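Shown next, in structure tokens, is the structure this report addresses.
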Amino acid sequence: MQTHDVSNQVAPLAEINLYQGDLALQEGVRHHGAGWHAAMLQAQGAELGSAEVQQLAELANRYPPELLSHDRTGHRIDAVQFHPAWHALLELLRRAGLHALPWMQPGDGAHVARAAGVYLHGQVEAGSLCPNTMTFAAIPVLQQEPELFAQLQSRLFAREHDGRDLPLHLKRSALIGMGMTEKQGGSDVRSNASTAIAVAAAGRGAAYLLSGHKWFFSAPMCDAHLMLARSEQGLSCFFVPRWLPDGGKNPIHIQRLKDKLGNRSNASAEVEFDEAWGLMIGDEGRGIATIIEMANHTRLDCVIGSAALMRQALVQAIHHARHRSAFGRHLAEHALMRNVLADLALESEAATQLMLRLAHAFDAPDDPLERAWKRIVTPAAKFWICKRALEFTGECMEVWGGNGYVETGPMARLYREAPVNSIWEGSGNVMCLDVLRAIEREAQGFILLLEQLDQAATEHPMLARQMHEFKLTLSIPAEQREGHARRLVQQLVLALQAMLMLQHAPATAADAFLGSRGERDGERIFGTLDSTSPTAMESILQRAWPAH
């Protein structure tokens, strides 16, 4: 029996070009020296915006990985089985070079080009970014071990995904994971209790047998993992392959897969290892120092990933509001909804601007100012952008109403995905404390960063006021600063975003951002733009997502 017609339901947003519709991203790619990669991003944006790839993302999350501890005859295999959609997504990442682009093609704009590509992929499916990010971040660490890297280079740089569970020397490409966290320590990796005993000679490049556990073992089907364990001289870093050099299975036993809130397409495991074979990389007792560069790259990817979630949630919200009617008009025609959407658009663009500027700093690591951006702003941006993504995706879900709260649409997955980047690679407090340490260690670069902000503030009184408040917080005695770290970091990031919006966004957007993100702005909610005119709001929305 037919009781009603289906009407006023918004068609799925598919067959779009994610790059072509993002003016801020296109401008940023050109400005930061990655214009040479625009054609590739254009093609990637079209492929990722297709209904076919959106279906892959849905399938990879609807059918999560499954642990197969033993084969049918009782042999322990510790394998994780994925839906074919997962491997198809990893193939897309690999083909685009997002696992190694700056290492394969070093030069101006290389990190920006990769960041833009990761940002596009993260809008469609975030879980597959995890092994991609870890592989990318591991490469500069492994490059410091010439003999080992020579054996791995062709597989690390390969532009095809090889999902077969085989020893490394039999594979066409390789993925690298991480195993740092233990149950007793979490972010405090200095409390790690796993042990490493030298097989023969000790020290860098030598073989060790590792015993212990890892509470979060990211992407257990990677071909090797970087792990921390205690050798005779302290916490050291080890390259631990899934298979032994003789082709046997390395004794790394997967106890269970974590049942996670989000990031469901990706596997996170709890493992025990009983004399697992590994090679020491870096100097003995300097494990944390060895992987610190890796952490900088993974934290940048957390910023990129959260900015990507915000961008996709925004586009979905605007599309819905332009096609869904309520109270006699489309939602986007209502003044209050326009205020909410414009406010969200400002937040998303500011996140995108900051993400691209950070990636640009990774392209010039020897410049003192760029080093300050890399060392100080990376943890600050990870704290702020990743936290904002939680509230942001919730607000965009609300634009959809009840339709946003069900799993058949994209909003629920975006919302569930949002918290992971704020937790992974150091939670909010860890990031803020890291900013304080980086300010002390990069004193010269921090002065240059302040000078850059002060120069921008001479042209805008509101930014000058923000800088004044930031410096007041900064003047708190060092021994008391920790308790104010979150406020300090928030002020720093908002000032940097304001500067970037003034430099790169249209005046209407920049003025609206500065006018709404003043001191103590962390408590504000979206949709409270005050002096922004209806015309300016419409201009902001058209820039964010041109009407279709």
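The values are calculated or read from the model by the stated rules, or taken from the named source; none is laboratory data. None of these values were measured; they are calculated from a predicted model. Note that we place each Cβ from the backbone using ideal geometry, even for glycine, and neighbour counts take in every protein chain shown. In case anyone asks, the SASA skips ligands and DNA or RNA and just uses the protein heavy atoms, side chains included. Shrake-Rupley method; radii C 1.70, N 1.55, O 1.52, S 1.80 Å.
For the chain, what class follows from the C-alpha gyration tensor (a ≥ b ≥ c being the square roots of its eigenvalues): rounded when a/c is under 1.5, otherwise prolate if a/b is larger than b/c, else oblate?
Oblate.
Apply the a/c threshold of 1.5 to the C-alpha gyration tensor of segment 237-356 and tell me whether it is rounded, prolate or oblate.
Since a/c reaches 1.5 and a/b is larger than b/c, the shape of segment 237-356 is classed as prolate.
Quote the relative contact order of the chain in percent (integer), defining contacts as alpha-carbon pairs under 8 Å separated by 6+ residues.
14 percent
With Cβ to Cβ distances under 12 Å as the rule, what net charge do the other residues near HIS161 carry (K, R +1; D, E -1)?
Summing Lys/Arg as +1 and Asp/Glu as -1 gives +3.
Would you check the chain for Lys pairs whose C-alpha atoms are within less than 26 Å, ignoring same-chain pairs closer than 8 in sequence, and give me the count?
Count of close lysine pairs: 22.
Specify which residue in the list ALA46, ALA509, PRO546 is farthest towards the positive end of the charge dipole of the chain, using unit charges on the beta carbon of Lys, Arg (+1) and Asp, Glu (-1), about the Cα centre.
Sorting the options by dipole projection puts first ALA46.
Specify the angular offset, from 0 to 90 degrees and rounded to the nearest 10, of the alpha carbon long axis of helix 534-544 from the longest principal axis of the alpha carbons in the chain.
That works out to roughly 30 degrees.
Assuming 0.36 nm per residue, please report the length gained on full extension of the stretch SER69 to ARG465 beyond their Cα-Cα distance.
Fully extending the segment from SER69 to ARG465 adds 136.6 nm.
Can you give me the long-range amide H partners of MET178? Hydrogens built in the peptide plane at 1.01 Å from N, cutoff under 5 Å, separation of 5 or more residues or another chain.
Sorted by chain and number, the residues that satisfy this are SER218, LEU226.
Calculate the dipole size of segment 158-301 relative to its Cα centre from +1 charges on Lys and Arg beta carbons and -1 charges on Asp and Glu beta carbons; express the result in debye to the nearest 20.
It comes to approximately 360 debye.
5 Å is the cut-off here: which amide hydrogens, built 1.01 Å from N in the peptide plane, fall below it relative to LEU68, excluding neighbours closer than 5 in sequence?
Close amide H contacts, sequence-distant or interchain: ALA79, VAL80, GLN81.
Given the -39500 (n - 2.57) contribution per DSSP H run of 4+ residues, what per-residue ellipticity at 222 nm results for the chain, rounded to the nearest 500 deg cm²/dmol?
-16000 deg cm²/dmol
Please name whichever of LEU331, SER306, GLY282 sits farthest to the positive end of the charge dipole of segment 260-336, dipole taken about the Cα centre and charges placed at Cβ: Lys and Arg +1, Asp and Glu -1.
Ranked along the dipole, the leading option is LEU331.
Given a 1.4 Å probe and every protein chain left where it sits, what share in percent of the accessible area of the chain is carbon and sulfur?
About 53 percent, which is the carbon plus sulfur part of the accessible surface.
State to the nearest 20 debye the size of the charge dipole of segment 106-208 about its Cα centre, where the only charges are +1 on K and R beta carbons and -1 on D and E beta carbons.
Computed charge dipole of segment 106-208: roughly 100 debye.
Leaving out ligands and nucleic acids, and using a 1.4 Å probe, what accessible area per residue does the chain come to in Å²?
Result: 41 Å² per residue.
Mean separation of Cα pairs under 8 Å and 6+ residues apart, divided by the residue count of segment 485-548: what relative contact order is that in percent?
Relative contact order of segment 485-548: 29 percent.
Please give, to one decimal in nm, the separation of the simple spin-label points placed at GLN143 and GLU333, each 7 Å out from Cα toward the Cβ.
5.6 nm
Just check segment 388-464 against the gyration tensor rule for me: Cα atoms, a ≥ b ≥ c as the square roots of the eigenvalues, rounded for a/c under 1.5, and otherwise prolate or oblate depending on whether a/b exceeds b/c.
It is oblate, given that a/c is not under 1.5 and a/b is not larger than b/c.
Taking the Cβ of LEU120 as the center, what net charge do the other residues with Cβ under 12 Å away carry, scoring Lys and Arg +1 and Asp and Glu -1?
Overall, the nearby charge balance is -1.
To test your reading of the geometry: what angle, between 0 and 90 degrees and rounded to tens, separates the Cα axis of helix 507-516 from the longest principal axis of the chain?
Tilt relative to the chain: about 80 degrees.
Once you have the Cα-Cα distance between ALA193 and ILE77, take 0.36 nm times their residue separation minus that, and quote the gain in nm to one decimal.
Computed gain between ALA193 and ILE77 is 39.2 nm.
Taking the Cα centre of segment 343-423 as origin and charging only Cβ (+1 Lys, Arg; -1 Asp, Glu), how large is the dipole, in debye to the nearest 20?
So the magnitude is around 320 debye.
Using the alpha-carbon atoms, what tilt in degrees (0 to 90, nearest 10) does helix 335-362 show relative to the longest principal axis of the chain?
40 degrees
Can you tell which of ILE176, TYR405, LEU354 lies farthest toward the positive end of the dipole of the chain, using +1 and -1 charges on the Cβ of basic and acidic side chains (Lys, Arg; Asp, Glu)?
My answer, from the dipole projection, is TYR405.
In what order, largest first, do THR290, THR378 sit by accessible area if the probe radius is 1.4 Å?
Sorted by accessible area, descending: THR290, THR378.
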